[in-house]
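Each remark here refers to the structure printed beneath this line.
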Amino acid sequence: MTTVRTRGTVAPSGRRVAALLHRAPRLRLAGLLAPALLWLVLLYLVPLGLLLATAFFDTDSFTGRITYEFTTENVVDVLTTPAYLLTVARTVGVAVGVTLLCVLLALPLAVYTALVSRRPGLLVALVLTPLWASYLVKVYAWRILLAPEGPLGGASPGYGWFAVIVTLTYLWLPYMVLPLHAGLTSMRGSYLEAAADLGARPWTAFRTVVLPVLAPAVAAGSVFTFSLSLGDYITVQLVGGTGQMLGNLVYQNFSTDLPFAAAVAVLPLIVMAAYLLTIRRTGALDRL
Amino acid sequence: MVLSPTARWLLRAAAVGVLTFIYVPLAVVLLNSFSASATFAWPPPGLTLRWWQVAASNEGVRTAVLTSVQVALLATVVAVVLGTLASMALVRYEFFGRDAVSLLVVLPIALPGIVTGIALNTLFTGFLGGLTFLTLVIGHATFCIVVVVNNASARLRRMSGTVEEASMDLGATPWTTWRLVTFPALRGALLAGALLAFALSFDEIVVTTFTAGPGLQTLPLWIFQNLFRPNQSPIVNVAAAVLVLVSVLPVYLANRLSGDTAGTTTK
């Protein structure tokens, strides 16, 4: 292009494109949305679909290669073998335990940061900063803390399921604090004063005013605490003793029997899909 | 809030308790990296900088840090470009399927890393010729997009779209509008998002395990492989401390920059 460009003026062809974009907001939208959407569809949704499909393929027991013939063998295998079902049940149990413990710890903290504290911003930053500290290091920290010769000494519960639940709670707690804090902040001041002015005691105010805000916030936080616990395999390896979760099954089988690993990995996906559909009605998904 | 002094006191005690629960393990890791003992000992028999020096000259650790930095930088660039564009679409436009797109952006960090990891692994090894440095970057960028989108969206929602419209009405092209109006307002939020994306990528291990090309070792992978080797434990402790610092500093900076409750993974 030979036209000299100055601020605000453009070459004729550029102006035509600009005019077109100005007249066609849909085109602008498509241009903004397409890169990320293409990336996420091609490099995230398509692989997830492939994984789902792989669960219905088989492995040649001699060569170990995948044979591309439809079979429900792997999925049936996972869902009917008692040992695997036990692992599924244990994993869901851990995920439920972690979620409950997260609510138990996050609730008083969020009530304090959102409704009582004079410096809510600072406190929330204090809670969130460790969210970004390395996942692996945080698990490692609990491995040190719970070691028989570690800081807790004889008081340590040792490695095992309790350690797994505590460590996972530690990992995902900020995901629960954040939506709770955000939900409660929205009612800082006026709502509760109104409730008090109208004669509600603190407990009544909590039950009728605070709780309806909390429910969708807890649901939003639990998507993370529940889902991330379901797929974990490193925490169990480091602080779980001999215990196994779904993630360990996937990890152990993925290089030798990918279809089986895929069938196991699909389970957390199914559980999460069911969970997301259930809580969609609470409006929690708008808060993710 | 109308609360009795006792209730306030109880809430404050609970908050302090939870914050202690959050910070004690990290403090233990930091302290442990200065322990004078070559094996794990608690309390540390003495404090020394020796292991930091040993770690700094350790070939494996240095290579791993370098790899982590390269991957994180590239993943951040991709995430910032894609995330910025997507956030403008999500905040400034109403369109069919907007909620679905929002959910799709969050999904890579909301679903377990192992699912994302083996899904990408299946794609790369089965259809795209195997794992490389590039596949690792792609894997990381995929889950980093969300933090940029959230930071940029939060800022966009607070600034009115009318300034941009005025700019366009006065004849500015979309590019000029972006350069002179939108970008200057977004800059802080984008930098904050980029720092968080960097921190997220730098210490990720699960997706990394399944998407890193043969022979590639990021710092978390190095730690994981040496975790169960007793003679490496002092260096592992230092590497762990480095990971804590490298992820916490960007968040601190991001907080200063954005002025929002940065570090938000959720809106």
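Test B:Ala119 against the stated conditions and say whether it is of a type in the set (A, V, I, L, M) and in contact with a Pro (Cβ under 9 Å, 6 or more places away or on another chain). The answer is yes for B:Ala119.
Residue by residue, here is whether (1) at pLDDT below 85; (2) farther than 28 Å from A:Met176 by Cα; (3) surrounded by fewer than 12 Cβ atoms within 10 Å (Cβ to Cβ) holds:
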site	(1), (2), (3)
B:Gly17	no, no, no
B:Tyr23	no, no, no
B:Val29	no, no, no
B:Ser35	no, yes, no
B:Phe40	yes, yes, no
B:Pro43	yes, yes, yes
B:Thr48	no, yes, no
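Does at least one position in region B:96-111 carry a residue that is more than 7 Å from chain A (Cβ to nearest Cβ), surrounded by 21 or more Cβ atoms within 10 Å (Cβ to Cβ) and over 24 Å from the mean Cα position of the chain (by Cα)? No; the residues of region B:96-111 include none that is more than 7 Å from chain A (Cβ to nearest Cβ), surrounded by 21 or more Cβ atoms within 10 Å (Cβ to Cβ) and over 24 Å from the mean Cα position of the chain (by Cα). When the residues of region A:113-122 are narrowed to those that are under 17 Å from A:Val210 (Cα atoms) and under 24 Å from the mean Cα position of the chain (by Cα), which ends up surrounded by the most Cβ atoms within 10 Å (Cβ to Cβ)? In this case the residue turns out to be A:Thr113.
Please determine whether any residue of region A:25-36 is surrounded by 13 or more Cβ atoms within 10 Å (Cβ to Cβ), over 30 Å from B:Gly97 (Cβ atoms) and at the interface with chain B (Cβ under 9 Å from one of its Cβ atoms). No, that holds for no residue. The set of residues in region A:141-197 being modelled with pLDDT of 85 or more and in a loop (DSSP other than H, G, I, E, B) consists of A:Ala147, A:Tyr159, A:Gly160.
From the set of residues in region B:130-152 that are of a type in the set (Ser, Thr, Tyr) and assigned to a helix (DSSP H, G or I), which is farthest from the other protein chains (Cβ to nearest Cβ)? So, considering only residues that are of a type in the set (Ser, Thr, Tyr) and assigned to a helix (DSSP H, G or I), the one farthest from the other protein chains (Cβ to nearest Cβ) is B:Thr135.
Across region B:66-77, the number of residues qualifying as buried (at least 22 other Cβ atoms within 10 Å of the Cβ) and either more than 13 Å from chain A (Cβ to nearest Cβ) or aliphatic (A, V, I, L, M) (or both) comes to 4. Is it fair to say A:Ala200 is assigned to a loop (DSSP other than H, G, I, E, B), surrounded by fewer than 21 Cβ atoms within 10 Å (Cβ to Cβ) and over 24 Å from the mean Cα position of the chain (by Cα)? Judged against the criteria, A:Ala200 is a match.
Taking the listed residues B:Thr84, B:Thr6, the one that is assigned to a helix (DSSP H, G or I), polar (S, T, N, Q) and surrounded by 16 or more Cβ atoms within 10 Å (Cβ to Cβ) is B:Thr84, with no other qualifying. Considering (1) more than 24 Å from B:Val106 (Cα to Cα); (2) free of Cβ contacts under 8 Å to residues at least 24 places away in the same chain; (3) more than 9 Å from chain A (Cβ to nearest Cβ); (4) not hydroxyl-bearing (Ser, Thr, Tyr), the lone condition that B:Pro174 does not fulfil carries the number (3). Per this entry, B:Leu227 is counted among residues that are at the interface with chain A (Cβ under 8 Å from one of its Cβ atoms) and over 19 Å from B:Phe143 (Cα atoms). Tell me the residue from A:Leu214, A:Leu269 that is under 29 Å from A:Ala110 (Cα atoms) and either hydrophobic (A, V, I, L, M, F, W, C) or touching a Leu at 6+ places or on another chain (Cβ under 6 Å) (or both), please. Checking each option against the conditions leaves just A:Leu214. Filter region A:230-261 down to residues that are closer than 19 Å to A:Val92 by Cβ and in a loop (DSSP other than H, G, I, E, B) and give me whichever is modelled with the lowest pLDDT. That would be A:Gly243.
Pairs are defined by a Cβ separation below 9 Å, a sequence spacing of at least 6 or placement on different chains, a first member in region A:107-126 that is within 7 Å of another protein chain (Cβ to nearest Cβ) and under 14 Å from B:Val16 (Cα atoms), and a second member that is in a helix (DSSP H, G or I) and among the charged types (D, E, K, R); the pairs so defined are A:Tyr112/B:Arg8; A:Tyr112/B:Arg12; A:Val116/B:Arg8; A:Val116/B:Arg12. Residues that are under 14 Å from the mean Cα position of the chain (by Cα) and β-branched (Val, Ile, Thr) within region B:79-95 comprise just one, B:Val80. Scanning region B:21-38 for residues that are more than 10 Å from chain A (Cβ to nearest Cβ) and not in a strand (DSSP E or B) gives B:Ser33, B:Phe34, B:Ala36, B:Ser37, B:Ala38.
Report yes if some residue within region B:113-129 is more than 7 Å from every other protein chain (Cβ to nearest Cβ), of a type in the set (A, V, I, L, M) and either within 21 Å of the chain's Cα centre (by Cα) or surrounded by fewer than 24 Cβ atoms within 10 Å (Cβ to Cβ) (or both); otherwise report no. Yes, there is a match, as at least one residue in region B:113-129 is more than 7 Å from every other protein chain (Cβ to nearest Cβ), of a type in the set (A, V, I, L, M) and either within 21 Å of the chain's Cα centre (by Cα) or surrounded by fewer than 24 Cβ atoms within 10 Å (Cβ to Cβ) (or both). Of the helices (runs of 4 or more DSSP H) that lie entirely inside region B:155-267, those containing 3 or more residues that are under 28 Å from A:Ala220 (Cβ atoms) span B:183-202, B:206-211, B:233-258.
Applying a threshold of 8 Å to beta carbon distances and a minimum spacing of six or more residues, or different chains, the list of pairs starting in region B:220-237 at a residue that is aromatic (Phe, Trp, Tyr) and ending at one that is not in a helix (DSSP H, G or I) reads B:Phe224/B:Ile205.
This table checks each residue for (1) out of contact with any Pro (no Cβ under 7 Å at 6 or more places or on another chain); (2) in contact (Cβ under 8 Å) with a residue 24 or more places away in the chain; (3) over 30 Å from B:Ile145 (Cβ atoms).
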{"residue": "B:Leu3", "(1), (2), (3)": "no, no, yes"}
{"residue": "B:Leu11", "(1), (2), (3)": "no, no, yes"}
{"residue": "B:Ala36", "(1), (2), (3)": "no, no, yes"}
{"residue": "B:Ala41", "(1), (2), (3)": "yes, no, yes"}
{"residue": "B:Leu47", "(1), (2), (3)": "yes, no, yes"}
{"residue": "B:Asn58", "(1), (2), (3)": "yes, yes, yes"}
{"residue": "B:Thr63", "(1), (2), (3)": "yes, yes, no"}
{"residue": "B:Leu66", "(1), (2), (3)": "yes, no, no"}
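The values are calculated or read from the model by the stated rules, or taken from the named source; none is laboratory data. This is a predicted model, so every value here is computed, not measured. When we count neighbours, we look across all protein chains shown, and the Cβ atoms used for this are built from the backbone with ideal geometry, even at glycine.
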